[in-house]
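To keep things clear, I will list the structure first and then write my remarks on it.
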Amino acid sequence: MFTGLVQARGQLERCAGGVRVRLEHGGALGAIALGDSIAVDGICLTVAECLPGADGGVAGFRADVSEETLRRSALVERAASGSRINLEPALRLADRLGGHLVSGHVDGLGTVQQIRREAGSWRLGVAWRDASFGRYICPKASVAVDGISLTVAGCEADGSAFWVAVIPHTWASTTLTDRREGDAVNLEADLLAKYAERLLADRMRTAAHGGAAPQDVSSGWLAEHGWLS
């Protein structure tokens, strides 16, 4: 699991069977070990090999990449162009959850529609390429854009397009400064929204096959079960 708070940036390149990530000069992810999980532009990858640096430390790592990951993300085109990428090590149970729960499993791609400088922030407009994922988007919801935890400031009625307000610190310390209108971005919707949808769908399916009907949550039901006094 991750939080969507970028810890470092790196350079991405394609290699046989996967990708290589070289840490940006001065960037640090702490101790990197074989088997570690690291979010690369929001994609959870496993360290398959540590790349030694000139000073004896770790300069980067190599990771294997599945076909599913290649299909759902912008990893291929960024590796081909040697793009900079956002990096975050896996969350430890003792860490602060400063962003939101991010699994590192990208749902799909979005397209940057707008980048606009505002008084104290940047306005970033994004549209899902698969509009069906818009059902997970609503104002004040969380969304991971290239692995960055951001809050939805506004959206279309169906959620297929939305915009976020990016503060100066986030703008300067991530690769959002590299993005241009028309660029692809990796998107992961709020994990809790997806679980809630699945649980509700299972209950409706059970009711449709003669099982117990879903319980309406009313003020009376809440009082009966001790939630209201």
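Each value in this text was obtained by applying a stated rule to the coordinates, not by laboratory testing. This is a predicted model, so every value here is computed, not measured. For neighbour counting, all protein chains shown are included, and Cβ atoms are generated from backbone atoms with ideal geometry for every residue, glycine included.
In the Gaussian network model of the chain, springs joining C-alpha atoms below 10 Å, which of L29, L45, L199 carries the largest mean-square fluctuation? Of the options given, L199 has the highest mean-square fluctuation. For the options L34, L200, L51, a Gaussian network treatment of the chain with springs between C-alpha atoms closer than 10 Å singles out L200 as fluctuating the most.
The dipole here belongs to the chain: it is taken about the Cα centre, uses +1 on the Cβ of Lys and Arg and -1 on the Cβ of Asp and Glu, and is about 260 debye. The GluC sites (Glu not before Pro) of segment 134-210 that meet both conditions, a loop assignment by DSSP and at most 14 other Cβ atoms within 10 Å of the site Cβ, are E156, E181. Placing +1 on the Cβ of every Lys and Arg and -1 on the Cβ of every Asp and Glu, with no other charges, gives segment 5-111 a dipole of roughly 140 debye about its Cα centre.
Just flag the GluC sites (Glu not before Pro) in segment 37-145 sitting in loop per DSSP whose Cβ has no more than 10 other Cβ atoms within 10 Å. Here the GluC sites (Glu not before Pro) that fit, given the DSSP loop and packing criteria, are E118. Where the centroid of each part is defined by its Cα atoms, how far is segment 129-162 from segment 1-48 in Å? Result: 25 Å between the Cα centres. What do you get for the angle between helix 191-208 and the principal long axis of the chain? Use alpha-carbon atoms, 0 to 90 degrees, nearest ten. That helix lies at roughly 40 degrees to the long axis.
Think of the chain as having a plus end and a minus end, set by charges on the Cβ of Lys, Arg, Asp and Glu; of A172, I85, T151, A172 sits farthest toward the positive end of this dipole.
Among M204, M1, sorting on how many other beta-carbon atoms sit within 10 Å of each Cβ, with the fewest leading, yields M204, M1. Inter-label distance, R123 to H105: 3.5 nm, where each label sits 7 Å from its Cα along the C-beta direction. Comparing mean-square fluctuations of S37, S142, S132 from a GNM of the chain with C-alpha springs under 10 Å, the top value falls on S132.
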